[in-house]
1. Quick check on my filter: what residues within the stretch 90-110 are under 32 Å from the mean Cα position of the chain (by Cα) and in a loop (DSSP other than H, G, I, E, B)?
2. Given the condition within 49 Å of the chain's Cα centre (by Cα) and surrounded by fewer than 17 Cβ atoms within 10 Å (Cβ to Cβ), answer yes or no: does some residue in the stretch 212-220 qualify?
3. Name the residue, out of 199, 259, that is surrounded by fewer than 20 Cβ atoms within 10 Å (Cβ to Cβ), in contact with a helix residue (DSSP H, G or I) (Cβ under 9 Å, 6 or more places away or on another chain) and not assigned by TED's automatic domain parsing to the domain that holds residue 64.
4. Would you mind telling me which numbered condition in (1) in contact with a helix residue (DSSP H, G or I) (Cβ under 9 Å, 6 or more places away or on another chain); (2) closer than 21 Å to residue 394 by Cβ residue 498 fails?
5. Pairs needed: first member in the stretch 415-432, on the phi < 0 side of the Ramachandran plot; second member anywhere, part of a helix (DSSP H, G or I); C-beta distance under 6 Å; at least 6 residues apart or different chains.
6. Could you go through the stretch 647-655 and let me know if any residue there is surrounded by 20 or more Cβ atoms within 10 Å (Cβ to Cβ) and in contact with a helix residue (DSSP H, G or I) (Cβ under 8 Å, 6 or more places away or on another chain).
7. Considering only residues that are part of a loop (DSSP other than H, G, I, E, B) and either in contact with a strand residue (DSSP E or B) (Cβ under 6 Å, 6 or more places away or on another chain) or modelled with pLDDT of 75 or more (or both), which ones fall in the stretch 757-785?
8. What number of residues within the stretch 836-853 are touching a helix residue (DSSP H, G or I) at 6+ places or on another chain (Cβ under 7 Å) and surrounded by fewer than 20 Cβ atoms within 10 Å (Cβ to Cβ)?
């Protein structure tokens, strides 16, 4: 029977890959028998952890991948971010055919934090090829063939992709002859079905098979396909091309078969072929044309093939947009706008149809080379296409081309755009198409309605559409309201220099120059220009000859003596285009900042100076001003103390397109002083800088702000806003995480508040500074990089740079003691011991480190860029520092976490606490963490504790950033998987209890497979699936048993509970159901009992008195003396000193407090049931006890022991039985179990039901069970 249960247990617990979807591969090496280990399980690829790794594991790896014997195994960084499927694997290396047949906790059962895995190299070197043609033929490997009996599309796809031949096209089993060597060669069966992400056919090879009947064949998509690249109107004449990987290239074959090629391309016969140029000429003359109403049209119309000067229509039976794309591309007409297939018998079709069922891939050089039916065609519809280059737009009935009503040319006709559904994005696209700048959405100009028909197409533009042709969609409902828009055709006068130079005009579409025509360019016109520019009046004017490349404005202006603007003057046409007007004004304009590179914007017009209204000031103006002042560029920051009382005299500044200096701006002045507008304030990068205080990490640390020449720290509270964070990460990418790098407080002036509104420029941020103390803030930016030591320990190993998710080796080049001491100090690893270089295969960091003679603050101060011609030395730095941190747990796989004997403070982030707990458990060999908690510190505790911050790639707690400081959140405590122990109460059937955090806790049963229930019951005869035998209510429990069929370890099934549940129970084969309680006795009559008891007492008293009198009278002296001797001995025995024995209730209390055997995972409640067999400290051996007066008194019926301590059976055997509720006040339990003694008496009594019977499920030799009379 026991053998049967053992076989049942093995069958239930051994993982079996029934569907063959579990697959172990080696990936990334030079062949499929070398690379990083990956496992495909449950349709997901994952890695294999390196815990418990050994030579036996390596043998199983090479065996399961059909790769021979292991040659080497090294640690490497993970190539991709994937989960780890298997870890803590223990292989024997002899019989396992697959890695998952080794002992392991289960797929996904463990938490694996390190970012390194194993790189294996096995003895076999497998190469795969096609025997026959390029990208087609018989599939062969190094010394054999792949079997074609099970060969299918999945396998063919993997092969074609791995050989660079595209993808599977077809499997022509009849096309190729079976090679003569096939019968005597090795044969390998492959099965790639259901597995994505394979990159080599060998990864589909589960086992060899000599019974294979045929080899595998394949034709890949990159197998030979021809066309002609033509330049003239004939597609049957030009360069011969072949298709490879969906791309066409020129083809110059060695063998000339011109007739066959022309015939394959439906160009009849070959006329000539030039091998040097690869040009082929066929007999047919073929081209593609578009016709509208019987005449050729450009970029729209019915599709025809012109063959030998005759037009043949293309049938529209299955006409698609992809087919139309080939036509538009072939005719150089842009993208496809729309297609249709008009029906009718009135089309000119005297020559018959030429193509039907057209099917283009999209890469063909001509529609002629697409797949199509070309014979016996009958069709009732034609293919029709509208290409982008047939679409045009105009603004009609406006004052110029940049304003008016929108009309669109579609299928050769101008049609009005309908107002319904029109958007601002559409208007922007129209203005952009017409090169009229941006759309003026605030324009209220109205133009004529027009008379042409409305366009029945929906026009929808996105913000990035630059041409109206990109916006034409499907059909739309019509309205009778046209669209009218005005573009930024703004005209603006500017001077080439400050208040002097050539006179230019910017009309929004280009720059023009005012003619120096002497009939209109005079003193009055020159004064008008100076007044318009706020430059006084003209001191001189003239003209110069037009320079090459400058275009003269077509209009001249005749002004009055008091004109304030040139455009107020009368216009006159001219034909004098050879001169350009010039002027020198009496005034000057100067724009600057009140404090050199920061302060209020100051505009001086002659002697009058003042500020600019902040409402009209833009970032572009700040940028231009900072550049004009040679102060760099503006930062997104306002000043701490701007002068809001600064007098504002300018509403706005405007510059023409070619102007790069604000001194040449058009100025809109306040005519009356306005005190409501705040002055514009700018801080250029010459006075403002933001930086991160760098330690072992670059672009990550405390932040500081250089403002007005002073570096100020920034408080953490000022960094909560994402807009603010962008300031400090400007040179380091995007902000990622807000950090607190230490308890250091700001003692001087600091930035306490930075408010930046969404999508607002830097100069609009509000900044507040004060002298109050604060916790300094830190940031981690996207270009953050960190220096790490990997593999061996936290302070010794290979040096890597982690940057933007990549890991790069640090070159040994340039490293000496200064660099080593700096890095060890940054890592908080004490003094530098040694360093050297080792060869490696991983990519190197593209910079070196050399400190030279400087005293660096951190290792990043020594980072040097490489010249383009110099590559880093291909040896990776290996460093050794002396201060390896010691990570400990106060208990065995549980307790408080310490680093270098200093407790670790828990984080406010629960997920990080879980991460840190996993690292500690893994480092201590305790698998992963079940839970984490905290131990409160004392009030007013001034002691400093360890604070840590880990990144996702850290594999040890000692590798994480850490600092010492006060702990406000409690000290971190951890409970690991291997601290878990199970109990069943009562024995072999009842509640499942888990020893967790020094307590016995009930658990929920969420998902718990039968093979693990068997394991829980393996000391009680196995799990039999008994139903619940007690009535329990739902409780709020912390823990649950939740694991899949893949799990093999019960401890790994303990998870956090999802909610309220009924406590879990389990009933094993050896469980003995409890006897139901007897029915209640009938009600007791109280009055008769009282009367009877009273009468009985009276009679007993009389009898006692009578017997006593008789005994006294008859007693003699010798008997009296003997009696006195016995009493004295009895008194001596009773007066002995005894230690109190803990009662059963005390023992259960100790059990609930975690006082368990340390080497047992599963403990039954019966293990600690009996105190009867325990020896007592002050009681003599059993032999002496038998001859004691106490034993004699017990035999004679005297109640020397408490009642119920001895019961007698019918055969005269007296059993000593423990009362589970009994407390022994006089006896202390000893550390060992004493022998049970029995005395035989002749008595007719029967055995009481209270006598305990040893459970049948207890097995000798199990350390978790005590066998009465044998254990101890």
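1. Within the stretch 90-110, 98, 102, 104, 105, 106, 107, 108, 109, 110 qualify.
2. Our first condition is that a residue be within 49 Å of the chain's Cα centre (by Cα); within the stretch 212-220, this holds for 212-220.
Pick out the ones that are also surrounded by fewer than 17 Cβ atoms within 10 Å (Cβ to Cβ) and you get 213-214.
Among the residues of the stretch 212-220, at least one is within 49 Å of the chain's Cα centre (by Cα) and surrounded by fewer than 17 Cβ atoms within 10 Å (Cβ to Cβ), which makes the answer yes.
3. On the way: 259 fails: in contact with a helix residue (DSSP H, G or I) (Cβ under 9 Å, 6 or more places away or on another chain).
The unique qualifying residue is 199.
4. (2)
5. Listed by first residue and then by second, the contacts come to 429/468; 429/471; 430/468.
6. Kept after step one, since they are surrounded by 20 or more Cβ atoms within 10 Å (Cβ to Cβ), are these residues of the stretch 647-655: 648-650, 653.
Among the residues that remain, those that are also in contact with a helix residue (DSSP H, G or I) (Cβ under 8 Å, 6 or more places away or on another chain) are: 653.
Yes, the conditions are met somewhere in the stretch 647-655.
7. Within the stretch 757-785, 765, 771, 772, 773, 774, 777 qualify.
8. Initial filter on the stretch 836-853 (touching a helix residue (DSSP H, G or I) at 6+ places or on another chain (Cβ under 7 Å)): 849-851.
Narrowing further to those that are surrounded by fewer than 20 Cβ atoms within 10 Å (Cβ to Cβ): 850.
Residues meeting the conditions: 1.
The values are calculated or read from the model by the stated rules, or taken from the named source; none is laboratory data. On a predicted model such as this, the values are computed, not experimentally measured, just so you know. As a convention, Cβ positions derive from the backbone with ideal geometry for all residues, glycine included, and neighbour counts pool all protein chains shown.
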